[in-house]
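J.: One structure, as structure tokens, below. Some questions next.
The values are calculated or read from the model by the stated rules, or taken from the named source; none is laboratory data. Only a predicted model underlies this, so the values are computations on that prediction, with no experimental measurement involved. Glycine also receives a Cβ, built like all others from the backbone with ideal geometry; neighbour counts cover every protein chain displayed.
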Amino acid sequence: MGFDDPQAMQRLLYEAQWDDRAVRRKLREVTVTELGYQPGVGVIDESGFVKKGEHSVGVQRQWCGRLGKVENCQVGVFLGYVTPSGSAFLDCELYLPRSWCDDAERRQDVRVPSAVAFQTKPELALAMLEQVWSEGIPMQWVVGDTVYGNSPTLRNAIAQRGRYYVMEIPGTNLIHPAGEAEAIAAQSLAQQLADTTWERMAFGLEEKGPHFYDWAALRVLAPTDEISEQWLLIRRSVGEEPECKYALSNAPEDTPLTELAAVALARHPIEHLLKEAKGEAGLADYEVRHWHSWYRHITLSLVAHTWLSLIRHDQREKKPVALLDEFQSA
């Protein structure tokens, strides 16, 4: 049921005095209380928000993963959290293209703070990771697709902070198999692997039953990375025309293949959360133009979605839902 008059909601998003960052901190606190798990997995993903005009903050023609093509849209970078108990959102950032950052008049029109400078999507992801780690969020692993995994700076930063990553890279990336001086494309290396190298495994159930993949993991050197040997994890689909996905991981050398594969697949629950939040919590249903209003709308949608998710979780666990009480007492 909608409001008869939109003024109250507009005031909440534009004029009311409240701190969206403080709300997201409280959201993380509640989420960890309900779902926290010491080797938790942080998942970096992005989502596009299609717009018709040119005046909403950050909007331009750019890649929109939601549609799988270039479109006039805004792009939000999200940090999710996956544990055996469930998954939820932890934080969000709006990607502000360089064309916006360099345009003083447009920045002023949508109230972009003067301190905001251009940051790449991997840099936004690292800022969110550093924030949650500073708050003591139990998160040992980080996963992301090629937009983030193909950033040596992000991979090296995660490793420097004592965390492990399983980050996707393009198959064209050059790597050195352990003990070999010559570099080879990851996709070429996969084609050379013997049948006995692959291990077929299924994780979870889909509508049509278990979904199997072939997996292989080899020790390699990445020329762009500061660490020494690491894992090249390869996932190959099963069928007449198999396709491969590639990821690098700085996990210890004795990490089982099953653990590497399970962590790599932890990225998919966040894709589901984004779709769910747009359908159930209005994540994409907004008409705001200003910087702070975007953050306020997205934050409220994440809170609403987390509340619904924790209701389902607590019903499974048969525990009382305390999310609203937690926010009301803050």
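J.: In the range 18-58, how many are among the hydrophobic types (A, V, I, L, M, F, W, C), closer than 12 Å to P138 by Cβ and buried (at least 22 other Cβ atoms within 10 Å of the Cβ)?
T.: Result for the range 18-58: 1.
J.: Closer than 28 Å to E130 by Cα, at pLDDT 90 or above and in contact with a strand residue (DSSP E or B) (Cβ under 7 Å, 6 or more places away or on another chain): is that true of L96 in this structure?
T.: No, not satisfied.
J.: Do we find that G179 is of a type in the set (G, A, S), within 17 Å of W231 (Cβ to Cβ) and without any contact (Cβ under 8 Å) to a residue 12 or more places away in the chain in this structure?
T.: Considered against the rule, which asks whether it is of a type in the set (G, A, S), within 17 Å of W231 (Cβ to Cβ) and without any contact (Cβ under 8 Å) to a residue 12 or more places away in the chain, G179 comes out as yes.
J.: Something else now. On the given criteria, is W231 more than 30 Å from K26 (Cβ to Cβ) and either in contact with a strand residue (DSSP E or B) (Cβ under 7 Å, 6 or more places away or on another chain) or of a type outside the set (D, E, K, R) (or both)?
T.: Answer is yes for this residue.
Conditions tested, residue by residue: (1) closer than 26 Å to S237 by Cβ; (2) touching a Leu at 6+ places or on another chain (Cβ under 8 Å).
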position: N156; (1), (2): no, no
position: G162; (1), (2): no, no
position: E168; (1), (2): yes, no
position: N173; (1), (2): yes, no
position: G179; (1), (2): no, no
position: A186; (1), (2): yes, yes
position: A194; (1), (2): yes, no
position: F203; (1), (2): yes, yes
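J.: Moving to a separate point now. Looking at A281, A264, A222, A304, can you tell me which residue is more than 21 Å from F203 (Cα to Cα), touching a strand residue (DSSP E or B) at 6+ places or on another chain (Cβ under 7 Å), at pLDDT 90 or above and not aromatic (F, W, Y)?
T.: Of the residues listed, the single one that is more than 21 Å from F203 (Cα to Cα), touching a strand residue (DSSP E or B) at 6+ places or on another chain (Cβ under 7 Å), at pLDDT 90 or above and not aromatic (F, W, Y) is A222.
J.: Also, I was wondering about something else. Among the residues in the range 94-102, are any assigned to a strand (DSSP E or B), surrounded by 13 or more Cβ atoms within 10 Å (Cβ to Cβ) and at negative phi?
T.: yes
J.: Sticking with this one: Between residues in the range 143-157 that are at pLDDT 95 or above and surrounded by fewer than 24 Cβ atoms within 10 Å (Cβ to Cβ) and residues that are in a loop (DSSP other than H, G, I, E, B) and β-branched (V, I, T), which pairs lie under 6 Å by C-beta distance while being six or more apart or on different chains?
T.: P152/T224
J.: Still on this model: If you scan the range 30-71, which residues turn out to be among the aliphatic types (A, V, I, L, M) and under 30 Å from R163 (Cβ atoms)?
T.: Result: V30, V32, L35, V41, V43, I44.
J.: Just for strands (runs of 3 or more DSSP E) wholly inside the range 203-299: which have at least 1 residues that are β-branched (V, I, T) and buried (at least 17 other Cβ atoms within 10 Å of the Cβ)?
T.: Numbers: elements: 209-221, 230-237, 244-249.
So the answer is 209-221, 230-237.
J.: Residues to consider are E182, E168, E123; find the one that is outside any helix (DSSP H, G or I), surrounded by 15 or more Cβ atoms within 10 Å (Cβ to Cβ) and acidic (D, E).
T.: Result: E168 is the single residue among E182, E168, E123 that is outside any helix (DSSP H, G or I), surrounded by 15 or more Cβ atoms within 10 Å (Cβ to Cβ) and acidic (D, E).
J.: Another one. So G162 clears everything in (1) without any contact (Cβ under 8 Å) to a residue 12 or more places away in the chain; (2) under 27 Å from L27 (Cβ atoms); (3) touching a strand residue (DSSP E or B) at 6+ places or on another chain (Cβ under 9 Å); (4) not hydroxyl-bearing (S, T, Y) except one condition, right? Which one?
T.: G162 satisfies every listed condition except (3).
J.: Also, I was wondering about something else. Run down G80, G76, G86, G40 and say which single residue is within 22 Å of G279 (Cα to Cα), within 17 Å of the chain's Cα centre (by Cα) and at pLDDT below 95.
T.: Within the list G80, G76, G86, G40, the selection yields G86.
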